[in-house]
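The values are calculated or read from the model by the stated rules, or taken from the named source; none is laboratory data. These figures come from a predicted structure and were not determined experimentally. Don't worry about glycine lacking a Cβ; one is built from the backbone with ideal geometry, like all the others, and counts go over all protein chains shown.
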Amino acid sequence: MNGKPLPAEIRPIREADAESYRACLDRVARERLYLAFTEAPSAAEAKFFIKAMVQRGLPFVVAVDPSDTVIGWCDIHVPPDNPLRPGFQHAGQLGMGLDESWRGKGLGTRMLQVCFDWAQRIGLERIELQVYASNSGAIALYRKFGFVTEGVRVRARKLDQHYDDIVIMARLRPPQANNGG
Ligand SMILES: CC(C)(COP(=O)(O)OP(=O)(O)OC[C@H]1O[C@@H](n2cnc3c(N)ncnc32)[C@H](O)[C@@H]1OP(=O)(O)O)[C@@H](O)C(=O)NCCC(=O)NCCS
């Protein structure tokens, strides 16, 4: 994006990244602006989540700095199959974030590209996400990748005396995802 190679690497997450991933998620969550979390879940929960994602082969990458510290993540979670509620295994939910000092350098674009290629390989047809309406940077990025707005949950969050709308967006697998073919 800016021509110069970045001192950050994008790679699939490993179980050994659990603590570093949790710490990164915690830093972004504590900004109280972009994520539903305002702090990260416990280390045990983070570990469990990573393990399940890795075992199921679902897209999950981290951006790491030269010391292999996690400075960002992107994942596409598919809720485990429930025979009582079938019909949702083709759709995944996207989540991502980067440490503040690493934003705006093209890393979000790179992580999304890797996750979308991965999603394509495992046959995901629909990727959906929820983003706060105030998060115009993220919304611009998602639009660039072909996400469209499917709806808005008005004043869905009230935090620190501020309301925010939640924008529901989705991206169907190109070129013609929704024709049964
Ligand atoms: C959203 C986020 C992951 C994007 O990653 P990033 O590395 O900063 O984004 P990139 O540098 O790849 O930017 C790609 C595009 O996104 C858009 N964009 C990113 N940041 C922007 C900003 N602050 N304002 C406007 N557009 C922005 C632009 O369209 C940009 O393309 P351009 O450089 O050609 O103009 C990152 O900014 C972040 O972690 N934000 C805080 C956490 C968050 O919002 N997570 C998502 C919750 S739904």
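Just to be sure, is V62 within 16 Å of the ligand (Cβ to nearest atom) and either more than 12 Å from I127 (Cα to Cα) or not polar (S, T, N, Q) (or both)? So V62 fits the description; yes.
Results for (1) in contact with a Phe, Trp or Tyr (Cβ under 6 Å, 6 or more places away or on another chain); (2) among the charged types (D, E, K, R), shown as yes or no for each residue.
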position	(1), (2)
P12	no, no
C24	no, no
R30	no, yes
F48	no, no
Q55	no, no
P59	yes, no
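Taking the stated definitions as given, is P12 away from the ligand (no atom under 16 Å from the Cβ), free of Cβ contacts under 8 Å to residues at least 24 places away in the same chain and closer than 26 Å to E125 by Cβ? Judged against the criteria, P12 is not a match. The combined condition, being assigned to a strand (DSSP E or B), within 15 Å of the ligand (Cβ to nearest atom) and of a type in the set (V, I, T), is fulfilled by I166.
Can you say whether A140 is at pLDDT 95 or above, surrounded by 16 or more Cβ atoms within 10 Å (Cβ to Cβ) and not β-branched (V, I, T), as far as the supplied structure shows? Criteria not met by A140. Kindly establish whether Q93 is more than 8 Å from the ligand (Cβ to nearest atom) and within 20 Å of V64 (Cβ to Cβ). For Q93, the condition - more than 8 Å from the ligand (Cβ to nearest atom) and within 20 Å of V64 (Cβ to Cβ) - is not met. Beta carbons closer than 8 Å, at least 6 apart along the sequence or on distinct chains, pair a first residue in the range 72-95 that is of a type in the set (D, E) with a second that is assigned to a strand (DSSP E or B) and within 16 Å of the ligand (Cβ to nearest atom) for D75/F60; D75/V61; D75/L94; D75/G95; D75/M96. Residue pairs whose Cβ atoms lie under 6 Å apart, sitting 6 or more positions apart in sequence or on different chains, and linking a residue in the range 123-151 that is on the phi < 0 side of the Ramachandran plot to a partner that is at pLDDT below 95 and of a type in the set (A, V, I, L, M), are E125/A177.
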